[in-house]
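Here is the structure we will look at, set down as structure tokens.
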Amino acid sequence: MSETITDKPVKKASGWNLWIWVILAFVLLISAWTTLIMVANKHKPAAVPLETSQIQKAQEAIIVS
């Protein structure tokens, strides 16, 4: 009895499949950074006034003169 082996063509993964995942990862990363920056910009910390030291006041007086 003779058997005929018919091999089905093996479909190889195309290079486009990998590029789709890479592009998808970058889009996800960019959107995460954009969201993070927007939230941080919306919830800024309060400004804290700092006292100027005597040295800074003296330097400013020299520059103005």
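The values are calculated or read from the model by the stated rules, or taken from the named source; none is laboratory data. It should be emphasised that the depicted structure is a prediction, and the values quoted were computed from it without experimental measurement. Positions of Cβ are generated from backbone atoms using ideal geometry, with glycine treated the same way; all protein chains shown enter the neighbour counts.
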Worksheet item: If you take the residues of segment 1-39 that are more than 14 Å from the chain's Cα centre (by Cα) and small (Gly, Ala, Ser), which of them is modelled with the lowest pLDDT?
Response: Ser2
Worksheet item: Which residues, taken from segment 40-54, are modelled with pLDDT of 90 or more and outside any loop (DSSP other than H, G, I, E, B)?
Response: Ala40, Asn41, Lys42
Discussion item. Pairs please, first residue from segment 7-24 and at positive phi and surrounded by 10 or more Cβ atoms within 10 Å (Cβ to Cβ), second anywhere and part of a helix (DSSP H, G or I) and at pLDDT 70 or above, Cβ atoms under 6 Å, 6+ apart in sequence or on different chains.
Written reply: none
